[in-house]
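Written below as structure tokens is the structure these notes are about.
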Amino acid sequence: MTTTHNLGFPRIGAKRELKKALEAYWKQEIAQPALLTVGRELRQRHWQQQADAGIEWLPVGDFSWYDQVLDLSCLLGVVPERFNHSEGPVSLDTYFRMARGRAPTGEPSAACEMTKWFDTNYHYQVPEFSSQQGFELSSDKLFNEVDEAIQLGHKTKPVILGPLSYLWLGKTKGGDFNKLDLIDKLLPAYGEILNRLQSQGVEWLQIDEPILALELPIEWQQAFESVYTRLPVKGLKTMLAVYFGPLKENLKLACSLPTDALHIDAVRGADEIDTVLSWLPIYKTLSLGIIDGRNIWRSDLDALLEWLQPLQQRLGDRLWLAPSCSLLHVPVDLEQEQQLDSEVRNWLAFAVQKLNELNTIKQSLDNIDEGDEQALLISRQAVESRRTSTRIHKPNVKQRCHNITAAMAERKSTFEVRIQKQQARLKLPLLPTTTIGSFPQTQEIRLARKQYKSGQLSEAEYQILMRKEIDEVIKKQEKIGIDVLVHGEPERNDMVEYFGEQLEGFVFSQFGWVQSYGSRCVKPPIIYGDVSREKPMTVAWSRYAQSKTEKPMKGMLTGPVTILNWSFVRDDQPRAITCQQIALALRDEVCDLEAAGIAIIQIDEAALREGLPLRTREWEKYLAWSVNAFKITASGVKDETQIHTHMCYSAFNDIMPAIAAMDADVITIETSRSDMELLEAFEEFSYPNDIGPGVYDIHSPNVPAVESITSLMNKALVHIPVERLWINPDCGLKTRGWPEVNTALVNMVCAAVFLRSRYKRSRAS
Ligand code: GLN
Ligand code: ZN
């Protein structure tokens, strides 16, 4: 008999109940007991849904009020000093203060850092270790939830992040020391956790070590053996779980560690299964993550069965089946999507449906239930319909991709030639000022968009309102004295959704929310088919805006890589091809903007870095096709048209050559939070084109003073010639309020005027 289990279930709730309860609690609209009730109900419902889907071993410990890594920090008592936690259990409010800097009770303090969870769009709370870090169990949450699940009669398999992944994901604070040295102190704490779980009657424990899918330094690799040999597991059966990729050079190690079972990602690591079979000790159970936990497509069950049957014959009871990773990264339940195009809906599977698929596979492998013939049949039809649908496959799009030439990804002349012609056309002053695109999205703007969408506002009425807004932001920018203007993006809800809604090949779910961090969720568009553009998407707005000013008006687009990386992408062709299709659609938009008289066009690539593969050895390949897609988008224009790009992160020292290869005429980037450190990398690499280092941190309500802007620019001027520098904020201003934006931009222009006078003087002298 084949055993099924799950690695984790989305906790936010099908209707985002957890988000709503959390935010109400933070605003003190509900008290803590009410919040606790919502959590308990969600856990109960989610276990029931998994049990109803036929899953045997249910995860516990996957529920979290904010983040599972933060949960573990609290369990281990890793609470930085500034949160004033002395001893005993970490209170829920201390927990929230660690996550977000404040909570209904207690003094505010700087929140813990947050960063991306491997290559997902989920963000975890980074543990902070001091050199004297101790570990002392300081939370009952996990143990209580285990009791809760057992009492509900579920077969309970707690899930915990393993000690090495936990250390790896943390950062050291105060003093230079090797965090791996903390392992000797950490292990006894894990021992205590295991002991307690065992005394609660737990049989199986899942220990996640996702870092085994990364390229690890040798000392970390070696640590695995000693750590897992020393981990006191007495009485518990342990499953080591690795996901998000193949194990490659860590495969042998993972097979040989003294655990009772090994879970591997059989979607991304499908090629490794044969090797695993030959290396896996005969006493070990193998869990195959066969259902993709990273996307929303139905699986091809026939193909899976064909693949699994021989494996099952070989492994017998030692074969377990699961999704490839926690289902945290997919929406909860497709059942809710009653407005979704029914043909496309039929191709999809959210968390609940994925578990049903898993069960169908199990039943068929074990020949239990004839009833599953029905499920198989439906699945087979869906897979077949997706394979052949003319809604997906557009010969003209495929043909166009096929015809892409190398020349299409190159501008006509070099940057040196282009910038001369652009300067002759634009006549911009030294150190030109600009903004990144959006202006504050006021209540009125949001309301107008909403009413337009629901039909309460006619097209004409909506146009009038938006144009009025554009008129106003133009007047404001002219008054402040900004050199290159933007129209403010009032018509855009979201930088990806806005384009996805106008492109062919996309659909949008109503409730397809996925947790990004804490109570924040995103609803990624679904790219199901060949992408094409029916008609211009932004040209009318930009043309209108340009007609209202003598100054250059920047056209504003989201780039192909960002659209790709922030969507659920079809899995029936390489991502690179889908990206190319988006690039071609956007290229047409760029050319249309140029034809409409727009002299500067910004193509945002906010998420280019996010798409980097987990292993650096694979970066080059990704960067090659993603940079190429950007260049296809950008290179249809003449030399006189200036292409900008924008990226809102500063950690790109390691991909600098790729960024330079994008060959944008101007790049605007985040730097104010890293105090221009980044620019040193630009110096080392000698970035060839124009740069606008962000001088206004738009993530904070603080208004930068003129002096702080000039001092940041002076730092930039050490590395970059004055002729190649721009002055601009870090990112779009849509989350800010007008009063602060106004003052900040006035200060920015003031700083520009001051610097210009100084530089002219110093040149003359
Ligand atoms: N043009 C977009 C804006 O200003 C860019 C947003 C982003 O980089 N995240 O809102
Ligand atoms: Zn940005």
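The values are calculated or read from the model by the stated rules, or taken from the named source; none is laboratory data. As the structure is a computational prediction, the values presented were derived from the model and not from experiment. As a convention, Cβ positions derive from the backbone with ideal geometry for all residues, glycine included, and neighbour counts pool all protein chains shown. Keep in mind that these areas ignore ligands, DNA and RNA; they rest on the heavy atoms of the full protein, side chains included. Shrake-Rupley method; radii C 1.70, N 1.55, O 1.52, S 1.80 Å.
Yes or no, residue by residue, for (1) open to solvent by 10 Å² or more (accessible area, probe 1.4 Å); (2) more than 13 Å from residue 240 (Cα to Cα); (3) assigned to a strand (DSSP E or B); (4) touching a Pro at 6+ places or on another chain (Cβ under 7 Å):
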site	(1), (2), (3), (4)
259	no, no, no, no
264	no, no, yes, no
273	no, yes, no, no
278	yes, yes, no, no
294	yes, yes, no, no
304	yes, yes, no, no
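Checked against (1) open to solvent by 30 Å² or more (accessible area, probe 1.4 Å); (2) closer than 30 Å to residue 217 by Cα; (3) free of Cβ contacts under 8 Å to residues at least 40 places away in the same chain, residue 622 passes all but a single condition, namely (1). Here is the figure for region 45-93: residues that are hydrophobic (A, V, I, L, M, F, W, C) and either free of Cβ contacts under 8 Å to residues at least 60 places away in the same chain or within 22 Å of residue 179 (Cα to Cα) (or both) total 11. The strands (runs of 3 or more DSSP E) found entirely in region 485-545 that carry 3 or more residues being within 15 Å of the chain's Cα centre (by Cα) and more than 16 Å from ligand 2 (Cβ to nearest atom) are 514-517. Looking across region 590-604 at every residue that is crowded, with 20+ Cβ neighbours inside 10 Å and hydrophobic (A, V, I, L, M, F, W, C), the one that is nearest to residue 646 (Cα to Cα) is identified as 603.
Of 375, 409, 424, which residue is within 30 Å of the chain's Cα centre (by Cα), more than 16 Å from ligand 1 (Cβ to nearest atom) and not basic (Lys, Arg)?
Details: 375 fails: within 30 Å of the chain's Cα centre (by Cα); 424 fails: within 30 Å of the chain's Cα centre (by Cα).
After ruling out the rest, the residue left standing is 409.
Kindly evaluate residue 735 against the criterion of being of a type in the set (Val, Ile, Thr) and either over 27 Å from residue 664 (Cα atoms) or part of a helix (DSSP H, G or I) (or both). In short, no. Based on this model, can you work out whether residue 743 counts as open to solvent by 10 Å² or more (accessible area, probe 1.4 Å) and either more than 16 Å from ligand 1 (Cβ to nearest atom) or free of Cβ contacts under 8 Å to residues at least 60 places away in the same chain (or both)? So residue 743 passes the test.
Taking residue 181 as the residue in question, decide whether it is outside any loop (DSSP other than H, G, I, E, B), more than 30 Å from the chain's Cα centre (by Cα) and more than 19 Å from residue 71 (Cβ to Cβ). Quick ask: steps written out before the conclusion?
Working: outside any loop (DSSP other than H, G, I, E, B): yes; more than 30 Å from the chain's Cα centre (by Cα): yes; more than 19 Å from residue 71 (Cβ to Cβ): yes.
So residue 181 fits the description; yes.
If you go through region 184-206 one residue at a time, do you hit one that is free of Cβ contacts under 8 Å to residues at least 24 places away in the same chain and assigned to a loop (DSSP other than H, G, I, E, B)?
Of the residues in region 184-206, the ones free of Cβ contacts under 8 Å to residues at least 24 places away in the same chain are 184, 199.
Going one step further and asking which of them are assigned to a loop (DSSP other than H, G, I, E, B), we end up with none.
Within region 184-206, not a single residue is free of Cβ contacts under 8 Å to residues at least 24 places away in the same chain and assigned to a loop (DSSP other than H, G, I, E, B).
Can residue 638 be described as open to solvent by 30 Å² or more (accessible area, probe 1.4 Å), outside any loop (DSSP other than H, G, I, E, B) and more than 16 Å from ligand 2 (Cβ to nearest atom)? In short, no.
Put simply, of 419, 392, 404, 436 the only residue that is over 31 Å from the mean Cα position of the chain (by Cα) and either within 16 Å of ligand 2 (Cβ to nearest atom) or surrounded by 12 or more Cβ atoms within 10 Å (Cβ to Cβ) (or both) is 419. The condition of being among the polar types (S, T, N, Q), under 30 Å from residue 603 (Cβ atoms) and at pLDDT 95 or above holds for residue 420. Regarding residue 227, is this residue in a loop (DSSP other than H, G, I, E, B) and of a type in the set (Val, Ile, Thr)? The answer is no for residue 227. Checked against the criterion of being touching a Ser or Thr at 6+ places or on another chain (Cβ under 9 Å), modelled with pLDDT under 95, assigned to a helix (DSSP H, G or I) and within 16 Å of ligand 2 (Cβ to nearest atom), region 690-707 has no qualifying residue.
Every condition in (1) free of Cβ contacts under 8 Å to residues at least 24 places away in the same chain; (2) closer than 16 Å to residue 159 by Cα is met by residue 37 except one, and the failing one is (2).
Name every residue in region 689-713 that is open to solvent by 10 Å² or more (accessible area, probe 1.4 Å), touching a residue at least 40 places away in the same chain (Cβ under 8 Å) and polar (S, T, N, Q), in order of residue number. Correct list: 710 only. Here residue 287 does not qualify as of a type in the set (S, T, N, Q), surrounded by fewer than 22 Cβ atoms within 10 Å (Cβ to Cβ) and closer than 24 Å to residue 57 by Cβ.
Is it fair to say residue 38 is of a type outside the set (D, E, K, R), open to solvent by less than 20 Å² (accessible area, probe 1.4 Å) and either part of a helix (DSSP H, G or I) or on the phi > 0 side of the Ramachandran plot (or both)?
Numbers: of a type outside the set (D, E, K, R): yes; open to solvent by less than 20 Å² (accessible area, probe 1.4 Å): no; either part of a helix (DSSP H, G or I) or on the phi > 0 side of the Ramachandran plot (or both): yes.
No; evaluated as a whole, the condition is false for this residue.
Filter region 62-95 for residues that are among the hydrophobic types (A, V, I, L, M, F, W, C), over 25 Å from the mean Cα position of the chain (by Cα), part of a loop (DSSP other than H, G, I, E, B) and within 23 Å of residue 24 (Cα to Cα) and give the result. Talk me through it step by step, then tell me what you get.
From region 62-95, those among the hydrophobic types (A, V, I, L, M, F, W, C) are 63, 65, 69-70, 72, 74-76, 78-79, 83, 90, 92; that's our starting set.
From the residues that got through so far, the ones that are over 25 Å from the mean Cα position of the chain (by Cα) too are 75-76, 78-79, 83, 90, 92.
Right, trim to part of a loop (DSSP other than H, G, I, E, B) and you get 76, 78-79, 90.
Residue satisfying the conditions is 90 alone.
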